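Chemist: Let me begin by handing over the structure; questions about it come next.
The values are calculated or read from the model by the stated rules, or taken from the named source; none is laboratory data. Note that the coordinates shown come from a computational prediction; the quantities given were computed from them, not determined experimentally. We place every Cβ from the backbone using ideal geometry, glycine too, and count neighbours over all the protein chains shown.
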Amino acid sequence: MSLAGKNIFVTGGLGFIGSHTVLVLLEHGATVHLIDNMSNSFERVFEHMKKLAGDKADKMKFTKCDINDKETLTKIFEKETFDCVIHFAGYKAVGESVDKPLEYYHNNFVGTVILLEVMRQFKCKNMVFSSSCTVYGLPEEVPITESAPLKAISPYGRTKLFQEDMFRDLAVSDKEWRILLLRYFNPIGAHPSGDLGEHPVGIPNNLMPYIQQVALGQREFLRVFGNDYPTPDGTAVRDYIHVMDLAEGHVSAVVKTLATPDLGCTPINLGTGTGSSVLEMIKAFEGASGKKVEYRLVDRRAGDSVAVWAATETAEKQLGWKSKYNVDDMCKHQWAWASKYPQGYETPL
Ligand code: UDP
């Protein structure tokens, strides 16, 4: 699969998924212009990316820019022609979105309107969008197929769902738009080198960054939210997917978008098709790190689903893509990153 000669515009390119995806795009021959507003990332990410990109580092360009900044976006699109946009930029903390709905709607929704207006102005109508399985709400059946009912249960989830709705409306209004909605399950892990990974700012909301900090001795114990779920060990089940698999999924998605004139707006799940419980993830991380992960069982967290995993047939059929890494690989690579950079991108060099 080659993206040789293709120029890709990436928003949120210094984020966890964005940074790994940019590297994989370069490996497949693309050139990349990435932007990020640095609200939840570090300039140092780009230094790490350059190191990993090696002799392909000159094929990527970074501009500090917010998707709400129409003037700067316009200048970038005036200078360069892009074959496709991958849109990662957005706020993503469910709890925070409850406290700051306007910020979430402004950044995620309004920002996307502005990006789309600029794309339309410059006749770049190919888009791969970073969506989430959050659009399925509390799913009633697993595995979750793309035709499962859509329902958001948080302001964050609604921003994703509204963006999806807008993309669907846009594709109906103008057949030239080609939009792939990638609905991610639970991305974890790190670059296998350990030189690129996730750096959550503040107290992590998600399970694996929290487990990592307990293993590093930075937090005393993990709270396991609920052990009375109807699952084999009583803890909730999720479909954890390696960030490198996800990155490869984006390359396949761009190839598919460029090759399919009548794509319209199509949703595709990116997951492994396998679920793991919270206790299984603790065990896997202990195995990979050789560290004890202390935990306490506490009440369920409001708004959590019992079990979530993806139906992967659409991705296999439409993209020819399948995840390769298992949960042990994800933990191994995440530990490589954590042990090398215990303070993430703030670790002194
Ligand atoms: N979880 C937990 N303790 C934590 C964070 C998460 O037990 O400190 C559980 C959570 O209840 C869920 C799973 O881990 O069952 C994955 O949670 P995460 O927030 O990472 O992802 P999401 O809930 O969005 O799937």
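Chemist: Evaluate the following for V110: is it within 16 Å of the ligand (Cβ to nearest atom), in a helix (DSSP H, G or I) and either in contact with an Asp or Glu (Cβ under 6 Å, 6 or more places away or on another chain) or under 25 Å from C84 (Cα atoms) (or both)?
Modeler: So V110 fails the test.
Chemist: Quick check on the stretch 245-285: of everything there that is small (G, A, S) and out of contact with any helix residue (DSSP H, G or I) (no Cβ under 8 Å at 6 or more places or on another chain), which residue is nearest to N227 (Cα to Cα)?
Modeler: Filtering the stretch 245-285 for residues that are small (G, A, S) and out of contact with any helix residue (DSSP H, G or I) (no Cβ under 8 Å at 6 or more places or on another chain), the one nearest to N227 (Cα to Cα) comes out as S277.
Chemist: Of the numbered conditions (1) within 11 Å of the ligand (Cβ to nearest atom); (2) on the phi > 0 side of the Ramachandran plot, R301 satisfies every one except a single condition; which is it?
Modeler: (2)
Chemist: Given (1) within 15 Å of the ligand (Cβ to nearest atom); (2) without any contact (Cβ under 8 Å) to a residue 40 or more places away in the chain, where does P187 come up short, assuming only one miss?
Modeler: Just one mismatch for P187, condition (2).
Chemist: Return the pairs, sorted by first residue and then second, in which the second residue is more than 10 Å from the ligand (Cβ to nearest atom) and aromatic (F, W, Y), the first residue lies in the stretch 274-289 and is more than 17 Å from R223 (Cα to Cα), the beta carbons are less than 7 Å apart, and the residues are 6+ apart or on different chains.
Modeler: T274/W309; G275/W309; A288/W335; S289/W335
Chemist: Taking the stretch 255-286 only, how many residues are in contact with a Cys (Cβ under 7 Å, 6 or more places away or on another chain) and over 30 Å from C84 (Cβ atoms)?
Modeler: Number satisfying all stated conditions: 2.
Chemist: Then there's this: Are any residues in the stretch 138-182 part of a loop (DSSP other than H, G, I, E, B), within 16 Å of the ligand (Cβ to nearest atom) and in contact (Cβ under 8 Å) with a residue 40 or more places away in the chain, and if so, which ones?
Modeler: Within the stretch 138-182, L138, P139, V142, P143, I153, S154 meet the criteria.
Chemist: Can you name every residue in the stretch 54-69 that is crowded, with 18+ Cβ neighbours inside 10 Å and either within 11 Å of V32 (Cβ to Cβ) or polar (S, T, N, Q) (or both)?
Modeler: Scanning the stretch 54-69 gives M60, F62.
Chemist: Under 7 Å between Cβ atoms, which residue pairs at least 6 apart in sequence (or on different chains) link something in the stretch 74-86 that is surrounded by fewer than 18 Cβ atoms within 10 Å (Cβ to Cβ) with a partner that is in a loop (DSSP other than H, G, I, E, B)?
Modeler: From residues that are surrounded by fewer than 18 Cβ atoms within 10 Å (Cβ to Cβ), the pairs are D83/K6.
Chemist: Moving on to the next point. Mind checking whether some residue in the stretch 301-322 is within 27 Å of Y136 (Cα to Cα), in a helix (DSSP H, G or I) and touching a Phe, Trp or Tyr at 6+ places or on another chain (Cβ under 6 Å)?
Modeler: yes
Chemist: Please find, within the stretch 210-240, the residue that is surrounded by the fewest Cβ atoms within 10 Å (Cβ to Cβ) out of those that are of a type outside the set (S, T, N, Q), under 19 Å from S339 (Cβ atoms) and within 11 Å of the ligand (Cβ to nearest atom).
Modeler: That would be R219.
Chemist: Can you name every residue in the stretch 1-22 that is crowded, with 24+ Cβ neighbours inside 10 Å and either part of a helix (DSSP H, G or I) or not β-branched (V, I, T) (or both)?
Modeler: Listed by number, the residues that qualify are F9, G12, G13, L14, G15, F16, G18, S19, H20, T21, V22.
Chemist: Pick from the stretch 1-58 the residues that are modelled with pLDDT of 95 or more and among the acidic types (D, E): which of them is farthest from S252 (Cα to Cα)?
Modeler: E47
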